[in-house]
Amino acid sequence: MLEGKIVSYNEFGGAMVDLTAEDMTKAGFALGDILSITIIGKELVVPYYDGYYSRTGDYLFVAYPSYPSICFTANNIGLPEELTGLEGQTFIIRMKEKGGKIDVQQALSMKYTNIRENYPSDEAFANARAVNAGNIASGRLHRTSSPFCNDINRANYVSEYLERQNVRTVLNLADTEEMIQNYDMPSYSRTLWESGHVILCPLKADPTAADFNNRLIEALKVLPSYPAPYVVHCMEGKDRTGYVCALLEGLCGATYEEMVADYLKTYDNYYEITPEKDPGVCNALVSLRLNMCLTYYAGVDDESLLQDLDYAKAFSNFLLSHGMSQQQIDALVQALTVSELSAGCWQQ
C-alpha cells in the first residue's frame with residue numbers, strides 16, 4: 001500500500017501526484033501492474049504504464065519519461081469533473097493484479113532520446129516529412145514535431161526543415177497564444193509567427209471529443225485562405241498530428257494502408273519500430289490509437305471494416321455533419337491537392 005497526494009493538474013486534465021517512479025518501485029509496484037486507487041471514497045482499477053497505452057477514456061497511472069512525477073488520468077481526455085480541482089487530496093494505492101498488464105507494457109513501452117546523434121538524419125530526429133497519401137500534391141503538406149517549443153530539443157531542426165521546404169503556414173495543435181509567446185523560437189519559426197502564418201488550434205489527444213473537433217473544424221475552415229505549403233504539428237508530431245493528418249489524407253482519397261503507413265512512420269523515426277521488424281507492436285499501436293480515430297471519423301464500429309472504406313466520402317460526411325459546408329470542404333481539398341495556389345488566396 002502507498003499513499004499519495006494530488007499536487008496539480010497538467011494542461012491535458014491529468015492529475016500530477018507527489019509520487020515518482022522510484023517511489024512506486026520502492027513500494028513494490030512495477031510497470032505493467034494493475035492498481036487499485038481509492039480516492040474520495042471511490043475505488044478505481046487502473047494499469048500502471050510508462051506511456052499512454054490504454055484506449056481513450058480509460059484510467060491509467062503513467063510514469064511518462066519526460067514528466068517529473070506520476071500522472072493519474074483518463075487517456076486522451078483527462079479526468080472527469082468529479083476528479084478535478086482536488087489539489088491536496090490524498091489517495092491510496094494497492095496492488096490489484098501483479099503483472100496484469102505486463103504484456104501491454106512490454107509491447108508498447110518505447111523510449112526515445114533527445115540527442116541528435118542517435119538518429120540517422122535531421123528529418124528523422126525532427127519527425128519531419130512530407131505527407132504524400134491519396135491525392136495530396138507533392139510538397140503541399142508536411143508534418144513535424146514542434147518548431148516552436150524546444151522541450152525535446154527538436155525545434156531548431158524542425159524550423160530549418162520548414163525553411164528548406166518553403167513552408168508558409170503552420171497548423172499548430174499544441175500551443176495557446178500565451179504559450180507560444182514565451183518560447184525562444186528559432187529564426188524561421190519566429191518569422192512564420194510574426195507574419196501571421198500560424199493557426200493556433202490547441203487540442204487534447206482525443207479525436208472523438210467534441211472540443212477537439214470543434215476547434216479543429218474551425219481551423220480547417222480557414223486553412224485554405226492561407227498560403228501553402230502547410231505543416232501540421234503538435235509537440236512530438238505523433239498522436240494529435242497523426243489524427244489530423246489521417247483525417248486530411250482520407251479526405252483527399254488516401255487508402256487505409258496509406259494512412260497506416262504514414263502513422264507508423266513516426267514510430268520508425270522515434271523508436272526504429274517498423275511493421276517488418278515489430279509487427280505485434282505496430283498492430284497494437286494501430287488498433288489502440290489510429291483505428292480509434294478512423295472508426296470515429298468514418299462512422300463505423302468495427303475495425304474490420306476499415307480496409308475497404310471510401311474515406312473521401314466518409315470523412316466528408318463527418319465534416320458536413322459537424323459544421324463544415326460542402327464549399328468549405330471542397331476548398332480544403334483543393335488547397336491540399338492542387339500544385340499551385342488558387343487565385344484569391346491570402347498572401348503574406
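Looking at G242, G253, G237, can you tell me which residue is open to solvent by less than 10 Å² (accessible area, probe 1.4 Å), part of a loop (DSSP other than H, G, I, E, B), in contact with a helix residue (DSSP H, G or I) (Cβ under 7 Å, 6 or more places away or on another chain) and not hydrophobic (A, V, I, L, M, F, W, C)?
G237
Name the single residue, out of those in the range 206-219 being open to solvent by less than 20 Å² (accessible area, probe 1.4 Å) and in a loop (DSSP other than H, G, I, E, B), that is nearest to T295 (Cα to Cα).
The qualifying residue nearest to T295 (Cα to Cα) is P207.
Which residue, of N153, N127, is among the polar types (S, T, N, Q) and touching a residue at least 40 places away in the same chain (Cβ under 8 Å)?
From the options N153, N127, the qualifying one is N127.
Tell me, please, whether a residue that is at pLDDT below 95 and either surrounded by 13 or more Cβ atoms within 10 Å (Cβ to Cβ) or at negative phi (or both) can be found in the range 328-335. If you could, list the steps in order and put the result at the bottom.
Step one: list which residues in the range 328-335 are at pLDDT below 95, which gives none.
Among the residues of the range 328-335, not one is at pLDDT below 95 and either surrounded by 13 or more Cβ atoms within 10 Å (Cβ to Cβ) or at negative phi (or both), which makes the answer no.
Filter the range 249-272 down to residues that are touching a Leu at 6+ places or on another chain (Cβ under 8 Å) and either closer than 22 Å to A124 by Cβ or among the small types (G, A, S) (or both), then give me how many there are. Don't jump to the end; show me each part of the working.
Let us first name the residues in the range 249-272 that are touching a Leu at 6+ places or on another chain (Cβ under 8 Å), namely 250-252, 256, 259-260, 263-264, 267.
Filter once more, so that each one left must be either closer than 22 Å to A124 by Cβ or among the small types (G, A, S) (or both): 250, 259-260, 263-264, 267.
Result for the range 249-272: 6.
Quick one: in the range 269-279, of everything that is open to solvent by less than 50 Å² (accessible area, probe 1.4 Å) and assigned to a helix (DSSP H, G or I), which residue is modelled with the lowest pLDDT?
The extreme case among them is Y271.
Kindly indicate which of A261, A312 is open to solvent by 30 Å² or more (accessible area, probe 1.4 Å), over 21 Å from L220 (Cβ atoms), part of a helix (DSSP H, G or I) and not β-branched (V, I, T). First the steps, then the outcome.
Details: A312 fails: over 21 Å from L220 (Cβ atoms).
Exactly one of A261, A312 is open to solvent by 30 Å² or more (accessible area, probe 1.4 Å), over 21 Å from L220 (Cβ atoms), part of a helix (DSSP H, G or I) and not β-branched (V, I, T), namely A261.
Can you tell me which residues in the range 44-65 are open to solvent by 50 Å² or more (accessible area, probe 1.4 Å) and farther than 23 Å from C282 by Cα?
Listed by number, the list holds a single entry, V45.
Residue check: is E81 open to solvent by 30 Å² or more (accessible area, probe 1.4 Å), in contact (Cβ under 8 Å) with a residue 24 or more places away in the chain, under 27 Å from V17 (Cβ atoms) and more than 17 Å from the chain's Cα centre (by Cα)? Working first, answer last.
Working: open to solvent by 30 Å² or more (accessible area, probe 1.4 Å): yes; in contact (Cβ under 8 Å) with a residue 24 or more places away in the chain: no; under 27 Å from V17 (Cβ atoms): yes; more than 17 Å from the chain's Cα centre (by Cα): yes.
No, not satisfied.
Based on what the data block shows, is T144 hydroxyl-bearing (S, T, Y), more than 26 Å from P279 (Cβ to Cβ) and more than 20 Å from the chain's Cα centre (by Cα)?
So T144 does not fit the description; no.
Is it the case that some residue within the range 192-210 is touching a helix residue (DSSP H, G or I) at 6+ places or on another chain (Cβ under 9 Å) and more than 30 Å from Y297 (Cβ to Cβ)?
We begin by selecting, within the range 192-210, every residue touching a helix residue (DSSP H, G or I) at 6+ places or on another chain (Cβ under 9 Å); these are 192-193, 197-208.
This time we only want the ones that are more than 30 Å from Y297 (Cβ to Cβ), so: none.
The answer is no, given that none of the residues of the range 192-210 is touching a helix residue (DSSP H, G or I) at 6+ places or on another chain (Cβ under 9 Å) and more than 30 Å from Y297 (Cβ to Cβ).
I'd like to check which strands (runs of 3 or more DSSP E) are fully inside the range 94-201 and have at least 3 residues that are open to solvent by 10 Å² or more (accessible area, probe 1.4 Å).
Strands (runs of 3 or more DSSP E) meeting the threshold: 198-200.
Out of all the residues in the range 31-43, which are surrounded by fewer than 19 Cβ atoms within 10 Å (Cβ to Cβ) and more than 26 Å from the chain's Cα centre (by Cα)?
S36, T38, I40, G41, K42, E43
The values are calculated or read from the model by the stated rules, or taken from the named source; none is laboratory data. All figures in this text were calculated on a predicted structure; none of them were measured in a lab. Cβ coordinates were reconstructed from backbone atoms using ideal geometry, including for glycine residues, and neighbour counts include every protein chain displayed. The protein model used for the area step is the full one, side chains on, heavy atoms only, and it has no ligands, DNA or RNA in it. Shrake-Rupley method; radii C 1.70, N 1.55, O 1.52, S 1.80 Å.
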